[in-house]
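Report on the structure given below.
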Amino acid sequence: MKKSEVKVLVITGFGLNCEKETATAFRLCGAAPELVHLNDLLSGKRLLNEFHILAFIGGFSFGDHLGAGTVFANRIKARLQDELKQFVAAGKLIIGICNGFQTLTRLGLVPALNGNIFEQEVALAPNDSGVFRDDWVYLKANPVSPCIFTRGIDLVRLPVRHGEGKLAADAAVLAELERRNLVVLRYAEADGSIAEDFPANPNGALHAIAGICDPTGRIFGLMPHPEAFLSPFNSPTWGREKLKGKLPSEGEGVIFFRNAVDFVVENS
């Protein structure tokens, strides 16, 4: 399979607003993203099995009135549960970013410790600060995580913009996440040390967790926005980097999407 044949489903509608950035990210990596409204999936006009990668994007689905991602997840459970099970069983890739990560947790797609999706095991609670946080953070990747999307990543900088991003779970679930290396990304200081305190840890997440995956590594959710750092000029420090001759050729978020596209090509 060629990269141009990798079909990516970017679900849109009902308050989600990161569709263009997410589609651009996959397009930069050679894939063929398509924006599809949730209603077209619920009605059967379009089918999940048409695609190789599914992206749950950022935004404020249904205004987050019942909690971030809740209504969106309930719609999918009610109408697309069987299709989604088949998509996962086929070994395809899923990424959930910010509101999309919130949706993944409510669907039980991550961490799915026992392989039972649609059973919620973790939650994303309101930030400890009590306010929406819009900032840039450092993230330390777990080098032994099975996650497909983070291969080759060590320390990365990405923007965050959320009001409900504090990962919470009971002690047994947290211990299992750690034991099985399903904690993919942690909030970090600039030197790579793990950040427990605000503002480097923007929401107070337990164990500084910013992203997790399922045991296969093919389903991945994170609060920061890799699709918002595709160009070096997205960075708030690009001016200083350019003056020092250290301006990179692309933003640090691109690698997440390239890893996904390359995996599909290599395993098709």
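The values are calculated or read from the model by the stated rules, or taken from the named source; none is laboratory data. Bear in mind that the values here come from a model prediction, so they are computed numbers and not experimental data. All Cβ positions, glycine included, derive from the backbone under ideal geometry; neighbour counts span all protein chains shown.
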Only one of these is surrounded by fewer than 17 Cβ atoms within 10 Å (Cβ to Cβ), modelled with pLDDT of 95 or more and in contact with a Leu (Cβ under 8 Å, 6 or more places away or on another chain): Leu155, Leu174, Leu185. Name it. Leu155
Would you mind stating whether Gly91 is out of contact with any strand residue (DSSP E or B) (no Cβ under 8 Å at 6 or more places or on another chain) and on the phi > 0 side of the Ramachandran plot? yes
Test result for Gly44, on the phi > 0 side of the Ramachandran plot and touching a strand residue (DSSP E or B) at 6+ places or on another chain (Cβ under 7 Å): no
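Taking the options Phe263, Phe256, name whichever one is assigned to a helix (DSSP H, G or I), surrounded by 16 or more Cβ atoms within 10 Å (Cβ to Cβ) and in contact with a helix residue (DSSP H, G or I) (Cβ under 6 Å, 6 or more places away or on another chain). Break it down stepwise before answering.
Details: Phe263 fails: in contact with a helix residue (DSSP H, G or I) (Cβ under 6 Å, 6 or more places away or on another chain).
Unique residue meeting the criteria: Phe256.
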Just give me the residues in segment 10-37 being touching a residue at least 24 places away in the same chain (Cβ under 8 Å) and out of contact with any helix residue (DSSP H, G or I) (no Cβ under 7 Å at 6 or more places or on another chain), in sequence order. Asn17, Glu19, Thr24, Glu34, Val36, His37
Need the failing condition index for Ala208 against (1) on the phi > 0 side of the Ramachandran plot; (2) free of Cβ contacts under 8 Å to residues at least 24 places away in the same chain; (3) in contact with a helix residue (DSSP H, G or I) (Cβ under 8 Å, 6 or more places away or on another chain), just the number. (3)
Could you tell me which of the residues Gly96, Gly192, Gly211, Gly115 is part of a loop (DSSP other than H, G, I, E, B) and modelled with pLDDT of 95 or more? Gly192
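Just the residues that are of a type outside the set (S, T, N, Q) and either touching a Ser or Thr at 6+ places or on another chain (Cβ under 6 Å) or assigned to a strand (DSSP E or B) (or both), please, taken from segment 1-29. Working first, answer last.
Initially, segment 1-29 is screened for residues of a type outside the set (S, T, N, Q), giving 1-3, 5-11, 13-16, 18-21, 23, 25-29.
Result: Met1, Lys7, Val8, Leu9, Val10, Ile11, Phe14, Gly15, Leu16, Glu19.
I'd like to check something: does segment 191-201 contain any residue that is of a type in the set (Phe, Trp, Tyr), within 26 Å of Ala55 (Cβ to Cβ) and out of contact with any Asp or Glu (no Cβ under 6 Å at 6 or more places or on another chain)? Before you say what the answer is, go through the steps one by one.
Of segment 191-201, the ones of a type in the set (Phe, Trp, Tyr) are 198.
From what is left, the residues that are within 26 Å of Ala55 (Cβ to Cβ) are none.
Within segment 191-201 (the criterion being of a type in the set (Phe, Trp, Tyr), within 26 Å of Ala55 (Cβ to Cβ) and out of contact with any Asp or Glu (no Cβ under 6 Å at 6 or more places or on another chain)), the answer is no, since none of the residues qualifies.
For the structure I just gave you, tell me whether Asn127 is touching a Lys or Arg at 6+ places or on another chain (Cβ under 7 Å), of a type in the set (S, T, N, Q) and touching a residue at least 60 places away in the same chain (Cβ under 8 Å). Quick ask: steps written out before the conclusion?
Details: touching a Lys or Arg at 6+ places or on another chain (Cβ under 7 Å): yes; of a type in the set (S, T, N, Q): yes; touching a residue at least 60 places away in the same chain (Cβ under 8 Å): yes.
Answer is yes for this residue.
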Condition first: more than 21 Å from Arg106 (Cα to Cα) and without any contact (Cβ under 8 Å) to a residue 24 or more places away in the chain. Now tell me which residues in segment 161-192 satisfy that. Arg179, Asp191
Answer residue from segment 82-120, given it is among the acidic types (Asp, Glu) and either surrounded by 19 or more Cβ atoms within 10 Å (Cβ to Cβ) or without any contact (Cβ under 8 Å) to a residue 12 or more places away in the chain (or both) and is nearest to Lys166 (Cα to Cα) among those: Glu119
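Limited to segment 124-141, what total is found for residues that are in a loop (DSSP other than H, G, I, E, B) and either surrounded by fewer than 17 Cβ atoms within 10 Å (Cβ to Cβ) or under 15 Å from the mean Cα position of the chain (by Cα) (or both)?
Step one: filter segment 124-141 for residues in a loop (DSSP other than H, G, I, E, B), giving 126-132.
With either surrounded by fewer than 17 Cβ atoms within 10 Å (Cβ to Cβ) or under 15 Å from the mean Cα position of the chain (by Cα) (or both) added as a condition, the list becomes 128-132.
Count: 5.
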Quick one: in segment 49-71, of everything that is in a helix (DSSP H, G or I) and touching a Lys or Arg at 6+ places or on another chain (Cβ under 8 Å), which residue is modelled with the lowest pLDDT? Thr70
